[in-house]
Amino acid sequence: MIIIRGMKKVLLALVAATAVVAAQTPASFTLEQILSYPFPDNLVASPVGSTIAWTFVERGVRNIYAASGPEFNARRVTSYTADDGQELTSLAFTPDGKTIVYVRGGDHGSNWPAEGNLMPDPASSPIQPKVQIFSVAVAGGAPKLVADGDEPVVSPSGDRVAFVKDRRIWVAPIDGSKPAEQAFFARGTSESPVWSPDGKKLAFVSNRDDHSFIGIFTSAEEPIRYVAPSTSRDSDALWSPDGRSILFMRQPGRGGVPKSPLAQLPSPWSLWVGNADALGAKQAWKSGTASVDSIPRTAGGINLHWAADDTIVYLSYQDGWPHLYSIQHPLQGGTPKLLTPGAFMVEYVSLSPDRRQIVYNANTGADAHDNDRRHIYKVAVDGSSAPVALTSGQGIEWSPVVTGNGQTVAFLGSTAQRSPLPMTVAINGGTPMALASDHLPKDLPSSALITPEPVTFRAADGVEVHGQLFKTANGSARRPALIYVHGGPPRQMLLGWHYMNYYANDYAANQYLASRGFIVLSVNYRLGIGYGYAFHNPEHGGARGAAEYQDVIAGGRFLQARSDVDAKRIGIWGGSYGGYLTALALGRNSDVFAAGVDIHGVHNWDRQGRSAPNLSAALAGDGITEADLREAARVTYESSPVSSVKTWRSPVLLIHADDDRNVEFHQTVDLEQRLLEKGVNVEELVIPDDIHDFLLWRTWVKVTTAGGAYLERMLMKGPGATQP
């Protein structure tokens, strides 16, 4: 039920609103139909043979599937049956390829843990959910509970699992035959366990708050040893193939003279190689000091790998694009070699079993619009040859892995019409093959979907902005239109089904809205990825000035100028950071945006303490004046939608789940009270117990149905429609 508030309006049932809308424009498909697609994720390859495994979410039911070459016929490994919102993550094969270890439960996309570290309970079960580790035979059978915990790492012998529980490292037999035991005691908190190649040692990160160490645990009879301890923050430990050395990343410790809260500071980092026995370490590579040298904030982070012939591979943004580099013999002062030159970003990265090739996806290709797609490539780690494209064309491909026999690259892929599926291609090239196509529902309206049109336009300050325009061939000469703004913000919307489940659902929603008569413009605003460092890291972005809003309003002006758009009927919708920009648009430009749907958006940077500039810390800073703090407070406030409530006139639907661990639920509570006091027409939809990413499929259906019905009721002309 949607609750309508403001101007003393009364409750209105969602079903009634939907019925009014349904009478206006018959659609060729329903939201349930287009949201019924199965979504694959967590693709992994067995270290031996040709078997791959992945998770499928089918109308909310999560299961693990496997397939083996050369036919790669998909078979279900687990037998879960409910849309209960319990994630399946962290898939890993045992060394012999016969067993899969995985995690069930939790919220692996959250920014912070819930109070009391409670696991999500989106189905409102009276039995408290847990996050648990299971093992299951690839050939089939009932899963075995290994232990309560997360982040499992299978031992090289395949009989044990190291994992994290209560911020400590534990070990349990892989078949769950004995209770788990805490591996060791250590000060601080312990995380990210990594087995040595011989399985006799565990490297881990010992977090001490303002600094962290790389620790090595051998046995209860020997003390824990720390590799080159310092005041820095060390992480991302990786053993060399021979087990003699450890590669890790080092960042400065937290502290120093505070800088202005509005300053955009670089995040320097370096790579070190430590001796696993002598415990000394040597710097192998160091970033520059400019902002562009900062740690990459893209999928996989630094994508650290230890390849063949004593070669390390990592990802850096140093030339303005996220690219792969390799260094041979890092302890001997090897020179970094750029492996992937060009004006594009490298994203998901995997090492071949022989450690001589890297497979990756990138937003580049022969087509001029491939910067809004993804394709799969391979390149030799020694840089002896140029990258080779394994996929091309109009599709979108991501998450490549190489099978244990080194013959096949498996990946996930989609098109504008076909929702994501697992796929394979020979490592030496060939025609890609989609797997598990029989899992696509028969009533999935693939043939009714349009191909979004790539468009560009310029913001007021001259920045070029990319977008995707959804418009059906049939419709009135002048239609209502919508701006869609994604969350993140380090995301990029594409010319087809997205590679993240959240945005695949939003892509489906935009297709549905287009089928209902809207022209929809998805705006890839600055702060997003895919267009280089300067676009990804603009000055005055977010709480430091909301520079990215220029791209959103430019999208609105772009629609206003089109002859096929009714300029008085332009709306806006988005979730998370897209909810923030939706609220900012409705507050600043009710003259452009006649209505909007704001889904779990940030509305007051000062109350979103984990994201806002830390003004309180700056109070103690040498050289930080009261004028600096006043200016920071002013910019932060004016970058927040709450500062624009005074000019907010357009109606809005606010949607939020109250176990959100990414955007505080209070953001919506507070904004609604401010809007009601101003007399704005506010409607709300609150989802008890679900989280930011909406773990339940039925929640996605409810939210998308409510948002679509609201936008039609506000912006469509027709019998019974309410005009703003």
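Close amide H pairs (under 5 Å, H built 1.01 Å from N) link A147 with I133, residues at least 5 positions away or on another chain. About the centre of its Cα atoms, the range 45-125 shows a dipole size close to 340 debye [charges on the beta carbon of Lys, Arg (+1) and Asp, Glu (-1) only; nearest 20 debye]. Projecting label points 7 angstrom from Cα along Cα→Cβ for R244 and V48 puts them 2.7 nm apart. Please check which bits of the range 545-561 a label hung off D461 would reach, taking the label as a point 7 Å along Cα-to-C-beta and the cut-off as backbone N under 13 Å. What the label zone holds, given the 13 Å backbone N cut-off, is 545-552. Evaluated with a Cβ-only charge set (Lys, Arg +1; Asp, Glu -1), the chain carries a dipole of roughly 1040 debye about its Cα centre, given to the nearest 20. If R0 equals 41 Å, the separation of the Cβ atoms of T81 and E115 corresponds to a calculated FRET efficiency of about 0.85.
Principal-axis analysis of the Cα atoms of the chain puts helix 697-715 at an angle of about 30° to the longest axis. State whether the range 162-305 is rounded, prolate or oblate according to the following rule on the C-alpha gyration tensor (a ≥ b ≥ c being the square roots of its eigenvalues): a/c under 1.5 gives rounded; otherwise a/b larger than b/c gives prolate, and the remaining case gives oblate. It comes out prolate by the Cα gyration axes. Cross-link partners of K378 among lysines, defined as those whose alpha carbon lies under 20 angstrom from its own and excluding same-chain residues fewer than eight positions apart: K337.
The helix-only estimate of mean residue ellipticity at 222 nm for the chain, built from DSSP H runs of length n ≥ 4 each weighted as -39500 (n - 2.57), is -4500 deg cm²/dmol after division by the residue total. About its Cα centre, the dipole of the range 376-515 is roughly 320 debye, where the only charges are +1 on Lys and Arg Cβ and -1 on Asp and Glu Cβ. Put in order of Cβ neighbour count within 10 Å, fewest first, the listed residues S135, S125 become S125, S135.
Put a dot 7 Å past the Cα of A142, heading toward its Cβ, do the same for A627, and the two dots end up 7.4 nm apart.
Each other residue within a Cβ distance under 14 Å of V48 adds +1 if Lys or Arg and -1 if Asp or Glu, for a net charge of -1. In the structure shown, do any of K165/K200; K178/K201; K646/K702 have a Cα-Cα gap over 26 Å, and if so which? From K165/K200; K178/K201; K646/K702, over 26 Å: K646/K702. For the range 95-127 versus the range 427-460, the spacing of their alpha-carbon centroids is 30 Å.
Take every pair of alpha-carbon atoms less than 8 Å apart whose residues are at least six positions apart; their mean separation over the length of the chain yields a relative contact order of 12 percent. As a proxy for reagent exposure, L559, L584 were ordered by neighbouring Cβ count within 10 angstrom, fewest first; the result is L559, L584. Taking the Cα of T218, stepping 7 Å toward and past its beta carbon, and measuring to each backbone N in the range 151-185: which are under 19 Å? Under cut-off, by backbone N: 156, 183-185. Evaluating 6.51 cos²θ - 1.76 cosθ + 1.60 at θ = phi - 60° for every residue in the range 334-346, the Karplus couplings come out as x, 8, x, 10, 6, 9, 10, x, x, 8, 7, 10, 8 Hz, glycine and proline recorded as x.
For the range 338-470, what does the alpha-carbon gyration tensor say about shape, rounded, prolate or oblate, given a ≥ b ≥ c as the root eigenvalues, a/c under 1.5 as rounded, and a/b over b/c as prolate? Here the range 338-470 falls in the oblate category.
This ranking places S68, S46 by how few other beta-carbon atoms lie within 10 Å of each, fewest first, which gives S68, S46.
Remind me, relative contact order of the range 499-590 in percent, using alpha carbon pairs under 8 angstrom and six or more residues apart? Relative contact order, the range 499-590: 17 percent. Return one number: the angle in degrees, 0 to 90 and rounded to the nearest 10, between the long axis of the Cα atoms of helix 501-515 and the longest principal axis of the Cα atoms of the chain. Helix 501-515 sits roughly 30 degrees off the main axis of the chain. Which of the three applies to the range 427-544, rounded, prolate or oblate, going by the alpha-carbon gyration tensor with a ≥ b ≥ c and a/c under 1.5 meaning rounded? Oblate shape, in that a/c is at least 1.5 and b/c is the bigger or equal ratio. Roughly speaking, what is the centre-to-centre gap between the range 635-698 and the range 342-372 when only Cα atoms are used, to the nearest Å? When both Cα centres are located, 38 Å separates them. Counting only residues at least eight positions apart within a chain, or on another chain, the aspartates and glutamates with an alpha carbon under 17 Å from that of K568 are D591, E712.
Laboratory data are not the source of any read-out in this text; all were calculated from the coordinates shown. Model, not experiment: these values are computed from the prediction. Every residue, glycine among them, receives a Cβ derived from its backbone with ideal geometry; neighbour counts consider all protein chains shown.
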